[in-house]
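Colleague: Structure incoming, see below.
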Amino acid sequence: MYSAPGYSSTLPKFDDQLIQINDRRKSIDDRRKETRSGGDRRKTQRFDRELRFTVDGKVTLENETISGPGKVLDLSLSGLRLHSELSLKVGESFHLTLDLGDQFAAPKIPAKTIWTNKSENTYGFRIDPSNPEWHKLITQLIDRTTQKVA
């Protein structure tokens, strides 16, 4: 867009990874200040920029030791949240097979458990956003969402 020679040296470079790291540091520092001052950590504002899709779908989880069903609660650009009666642990790696209906199905996608809520049997999974199957699925969901809005 800006191809004139002067622009490349004038405009700042955009580094998304650096911005995310700085935002996380700020958020962590803010939480520490709140905790030290006796404040409630839950009152600290959190910045969650990830686009989330609430879906009603099925998932099959598989690894070397566990295999079973689950229910997808929501998806984001880098992961998903699901409900399952299986007892999962943080750090476990799985292959997830998603079935979201309406021609939204994805073959086995590698994922890792990053948080658990055992009392509600909900689990968070991180998925590499550069995974081509995940990227295709998210792109289809974005397209479907923008078509409904238009």
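The values are calculated or read from the model by the stated rules, or taken from the named source; none is laboratory data. Every value quoted in this text rests on a predicted model; they were computed, and no experiment measured them. Note that each Cβ is placed from the backbone with ideal geometry, even for glycine, and that neighbours are counted across all protein chains shown.
Colleague: Residues to consider are Val90, Val72; find the one that is aliphatic (A, V, I, L, M) and either touching a residue at least 40 places away in the same chain (Cβ under 8 Å) or surrounded by 15 or more Cβ atoms within 10 Å (Cβ to Cβ) (or both). Show your work before the answer.
Modeller: On the way: Val90 fails: either touching a residue at least 40 places away in the same chain (Cβ under 8 Å) or surrounded by 15 or more Cβ atoms within 10 Å (Cβ to Cβ) (or both).
Only one candidate passes the filter, namely Val72.
Every residue, every condition in (1) under 17 Å from the mean Cα position of the chain (by Cα); (2) in a strand (DSSP E or B); (3) in the same structural domain as Thr60 (by TED's automatic domain parsing); (4) not aliphatic (A, V, I, L, M), yes or no:
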{"position": "Leu86", "(1), (2), (3), (4)": "no, no, yes, no"}
{"position": "Gly91", "(1), (2), (3), (4)": "yes, no, yes, yes"}
{"position": "His95", "(1), (2), (3), (4)": "yes, yes, yes, yes"}
{"position": "Leu98", "(1), (2), (3), (4)": "yes, yes, yes, no"}
{"position": "Gly101", "(1), (2), (3), (4)": "no, no, yes, yes"}
{"position": "Pro107", "(1), (2), (3), (4)": "no, yes, yes, yes"}
{"position": "Trp115", "(1), (2), (3), (4)": "yes, yes, yes, yes"}
{"position": "Glu120", "(1), (2), (3), (4)": "no, no, yes, yes"}
